[in-house]
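Trainee: One structure follows; several queries about it will come next.
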Amino acid sequence: FYDSAASAGTGTQASPYNNVYTAIANIGTKRYLYGKGTTTVTNANTAVVGGGNTSNVLPVPPTRNGEADRVYVRNWSGNTWAITGTGTVSAGFFTSSGEGYQTYKGIDFLNLDNSTAANGFGIFYLYGSSVGINIELCTADNINGSAGSNNGAYMPWGVDGGKVWRCTSNNIQENGSNVGGNTAMFETYDGVNLSIQRCEATNSSYMVHHKRVLAPFSVSTSVKFCKDTTQNGVLYGASGSSGVPHSYTIAQCNLFLPTTGSARAVRHNPGTGDNGTNNATKHWWCNNVFYQRGSGAESSIQFKQAYNAIIFNNIYLESRRLWNEETDTSAKGPVMEYANYELHFGTTLAGFVYEYQGIPYGTAAALQAVRSDFAVNDAISNPLFTNAAGGNFTLQGGSPALTGGVDGTQQGLYLGNFYTVGAS
């Protein structure tokens with residue numbers, strides 16, 4: 001046990017440690033470290049976190065071997081635990097060595113500023129072949145890093161297997177700006193088998209930024225039941241012109257709310273060039289709600305080299321376009337597999353509703369002239385949300401979306417008005 005306001009103790013509940021570094025150092029084989037109060041990150045522990053620069057950080061607990069001995073670092077039940085910093089060289093939990101089966105739960109990361117060092121973050125695993133890293137019920141607000149660095153609330157780079165569940169982020173910054181290209185709630189290079197569920201992100205460039213794939217046909221990140229109010233939503237990308245296209249991406253039952261900037265919501269972009277040949281497959285983008293997303297020629301769903309992409313049961317309200325395949329990459333791999341049962345209303349870019357293999361189409365009928373199986377059951381109709389402007393995206397009686405999906409299923413994100421979306 002750790003209590004920032006206690007007297008020096010021995011780590012028991014009756015006599016907790018009052019020094020977080022001592023508490024972490026003495027976890028040993030125990031499975032829980034309970035913390036409460038406000039912890040200020042100091043120079044008691046430092047590490048090189050990127051760009052060759054040193055920052056004040058918190059160490060992670062000892063690695064574990066599996067679920068049977070997973071270690072939890074969490075708030076003391078019924079209390080809050082906030083991690084904050086002083087100056088401009090402070091960040092959260094960090095490691096660059098291989099770690100396993102560690103969970104962070106119920107921790108608030110507040111006002112961490114690493115703007116004169118490198119990456120800004122709440123939790124950062126810098127490669128090292130870590131496995132099974134979970135982050136649950138955490139919040140991050142006002143996280144800052146240096147210009148040109150990668151900044152995120154939660155950054156499991158190179159981690160194989162893990163989840164971010166019911167977490168929030170707000171105001172993730174790059175050198176004081178939350179609209180830079182490298183600010184996100186969740187960011188990973190080379191992470192695989194990762195799940196983001198019931199999270200909420202505001203005031204950053206991305207909610208989820210999977211920057212690079214580890215290897216062809218790696219299982220990418222799934223994003224479900226989340227609320228997004230960031231400039232670019234979810235990006236499956238690459239590092240510059242390097243890397244290969246993602247495989248097995250999932251964006252399902254998410255709510256993408258009005259925002260400024262490009263306002264794309266789901267994007268697959270394997271770098272600045274068309275990289276790789278037939279080394280990606282199977283994308284599943286369905287049952288999302290896109291409300292006033294996209295701008296200019298940008299779409300709610302925008303992609304290239306998204307081989308075997310499957311798109312269905314989404315609702316688009318007052319959005320710029322539906323989906324947009326930027327270029328024709330059919331010579332390098334399979335074409336899109338399925339696009340049907342989409343509902344849209346108030347789409348604002350006439351003549352450019354769809355884009356298939358780099359060519360825009362203004363209507364479903366025009367698209368069917370080149371892909372007769374696409375958009376056959378798409379409809380233009382008011383989804384009759386209960387109160388979209390007030391944030392209620394359940395469906396009123398009589399909504400065409402109640403039975404307008406594949407095989408009469410419900411379109412949109414709530415699947416029978418049952419599932420909970422967002423961190424609350």
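The values are calculated or read from the model by the stated rules, or taken from the named source; none is laboratory data. All figures in this text were calculated on a predicted structure; none of them were measured in a lab. Every residue, glycine as well, gets a Cβ built from its backbone with ideal geometry; the counts of neighbours run over all protein chains shown. All accessible areas refer to the heavy atoms of the entire protein, side chains included, with ligands and DNA or RNA removed. Shrake-Rupley method; radii C 1.70, N 1.55, O 1.52, S 1.80 Å.
Trainee: Taking a probe of 1.4 Å, how large is the accessible area per residue of region 4-155, in Å²?
Mentor: 38
Trainee: After finding the eigenvalues of the alpha carbon gyration tensor for the chain, what semi-axes result from the square roots of 5 times each, listed largest first in whole Å?
Mentor: For the chain, the ellipsoid semi-axes come out as 40, 22, 18 Å.
Trainee: Which ³J(HN,Hα) values, rounded to whole Hz and listed in residue order, are derived for region 8-16 from phi using the Karplus coefficients 6.51, -1.76 and 1.60 in 6.51 cos²θ - 1.76 cosθ + 1.60 with θ = phi - 60°, glycine and proline given as x?
Mentor: Values per residue, Gly and Pro as x: 4, x, 10, x, 7, 5, 6, 9, x Hz.
Trainee: From the P(r) of region 25-145, can you give the percent of Cα pairs sitting at distances over 21 Å?
Mentor: The share of Cα pairs beyond 21 Å in region 25-145 comes to 35 percent.
Trainee: Residue by residue through region 177-194, which ³J(HN,Hα) values in whole Hz follow from phi under the Karplus form 6.51 cos²θ - 1.76 cosθ + 1.60 (θ = phi - 60°), with glycine and proline marked x?
Mentor: Karplus values, whole Hz, x for Gly and Pro: 10, 9, 10, x, x, 10, 10, 7, 5, 10, 9, 9, 9, 6, x, 9, 6, 10.
Trainee: Still on this model: Does region 145-298 classify as rounded, prolate or oblate by the C-alpha gyration tensor (a ≥ b ≥ c root eigenvalues; a/c under 1.5 gives rounded; else a/b over b/c gives prolate, otherwise oblate)?
Mentor: Here region 145-298 falls in the rounded category.
Trainee: So, in nm, how far is label SER177 from label ASN18 when the simple model puts each one 7 Å beyond its Cα toward the Cβ?
Mentor: 4.4
Trainee: What is the dipole size for region 85-171, taken about its Cα centre, with +1 at each Lys and Arg Cβ and -1 at each Asp and Glu Cβ, in debye to the nearest 20?
Mentor: Here region 85-171 has a charge dipole of around 100 debye.
Trainee: To continue, here is another question. Find the centroid of the Cα atoms in region 29-76 and in region 246-316, then give the distance between the two in whole Å.
Mentor: Between the Cα centres of region 29-76 and region 246-316 lies a distance of 35 Å.
Trainee: When DSSP beta bridges are limited to those with both residues in the chain, what percentage is antiparallel, rounded to the nearest 5?
Mentor: The answer is about 10 percent antiparallel.
Trainee: Given an 8 Å cut-off on Cα distances and at least 6 residues of separation, report the relative contact order of region 111-161 as a percent.
Mentor: Once normalised by length, the contact order is 53 percent.
Trainee: Given R₀ = 30 Å, what would the calculated FRET efficiency be for THR42 paired with ASP69, taking r from the Cβ atoms and rounding to 0.05?
Mentor: After rounding to 0.05, the efficiency reads 0.50.
Trainee: Next question. Under 8 Å for C-alpha pairs, at least 6 residues apart: give me the relative contact order for the chain, rounded to a whole percent.
Mentor: Rounded, it is 8 percent for the chain.
Trainee: Follow-up. For region 254-270, take each phi angle, set θ = phi - 60°, evaluate the Karplus expression 6.51 cos²θ - 1.76 cosθ + 1.60, and give the result in whole Hz per residue in order, putting x for glycine and proline.
Mentor: 9, 10, 10, 9, x, 7, 8, x, 5, 6, 5, 10, 10, 9, 10, 9, x
Trainee: Follow-up. In straight Cα distance, which lysines are under 26 Å from LYS36, not counting same-chain residues fewer than 8 positions off?
Mentor: LYS105, LYS163
Trainee: Can I ask one more? Between THR80 and ALA215, 0.36 nm times their residue separation minus their Cα-Cα distance comes to what?
Mentor: 44.6 nm
Trainee: To continue, here is another question. How much mean residue ellipticity at 222 nm does the chain get from its helices, if each DSSP H run of length 4 or more adds -39500 (n - 2.57) and you divide by all residues, to the nearest 500 deg cm²/dmol?
Mentor: Result for the chain: -500 deg cm²/dmol, rounded to the nearest 500.
Trainee: Tell me which of VAL73, ALA23, ALA263 sits at the most positive position along the dipole axis of the chain, charges placed on C-beta atoms (Lys, Arg +1; Asp, Glu -1).
Mentor: ALA23
Trainee: Could you work out what % of the accessible surface of region 249-325 is carbon and sulfur, using a 1.4 angstrom probe and leaving DNA, RNA and ligands out of the count?
Mentor: 48
Trainee: In percent, how large is the relative contact order of region 192-328, given Cα pairs closer than 8 Å and 6 or more residues apart?
Mentor: Rounded, it is 21 percent for region 192-328.
Trainee: Using a 1.4 Å probe on the protein chains only, how many percent of the accessible area of region 107-168 belongs to carbon and sulfur?
Mentor: 50
Trainee: In whole Å and largest first, what semi-axes does the C-alpha gyration tensor of region 282-374 yield when each eigenvalue is scaled by 5 and square-rooted?
Mentor: So the equivalent ellipsoid measures 19, 14, 12 Å along its semi-axes.
Trainee: Check the straight Cα-Cα distances from LYS332 and name the lysines below 16 Å, setting aside those fewer than 8 residues away within the same chain.
Mentor: Counting by Cα, and skipping residues close in sequence, LYS332 has these lysines nearby: LYS282, LYS304.
Trainee: Label region 49-89 by shape, choosing from rounded, prolate and oblate, from the square roots a ≥ b ≥ c of the eigenvalues of the Cα gyration tensor; if a/c is under 1.5 it is rounded, and otherwise prolate applies when a/b is larger than b/c, oblate when it is not.
Mentor: Note, shape of region 49-89 comes out oblate.
Trainee: Considering the options GLY120, GLY148, VAL208, tell which one lies farthest towards the positive end of the dipole of region 98-240, charges being +1 on Lys and Arg and -1 on Asp and Glu at the Cβ, about the Cα centre.
Mentor: It is VAL208, whose Cα lies furthest towards the positive end.
Trainee: When the label point is put 7 Å from the Cα of TYR32 along its Cα-to-beta-carbon vector, which residues of region 1-16 have a backbone N closer than 12 Å?
Mentor: 1-2, 13
Trainee: Okay, moving on. Using the beta-carbon distance between THR386 and TYR338 and R0 = 25 Å, what value does 1/(1 + (r/R0)^6) give for FRET efficiency, to the nearest 0.05?
Mentor: Given R0 = 25 Å and the Cβ-Cβ separation, E is 0.30.
Trainee: Quick check: from the Cα gyration tensor, does region 93-169 come out rounded (a/c under 1.5), prolate or oblate?
Mentor: Oblate, because a/c is 1.5 or more while a/b does not exceed b/c.
Trainee: Suppose every K and R has +1 on its Cβ and every D and E has -1 on its Cβ; what is the size of the dipole of region 260-375 about the Cα centre, in Debye to the nearest 20?
Mentor: 180
Trainee: Can you give me the % of accessible surface on region 1-88 that is carbon or sulfur? Probe 1.4 Å, all protein chains present, nothing else counted.
Mentor: 47
Trainee: For the chain, give the magnitude of the charge dipole about the Cα centre (Cβ charges: +1 Lys/Arg, -1 Asp/Glu; no others), in debye to the nearest 20.
Mentor: The dipole magnitude comes to about 600 debye.
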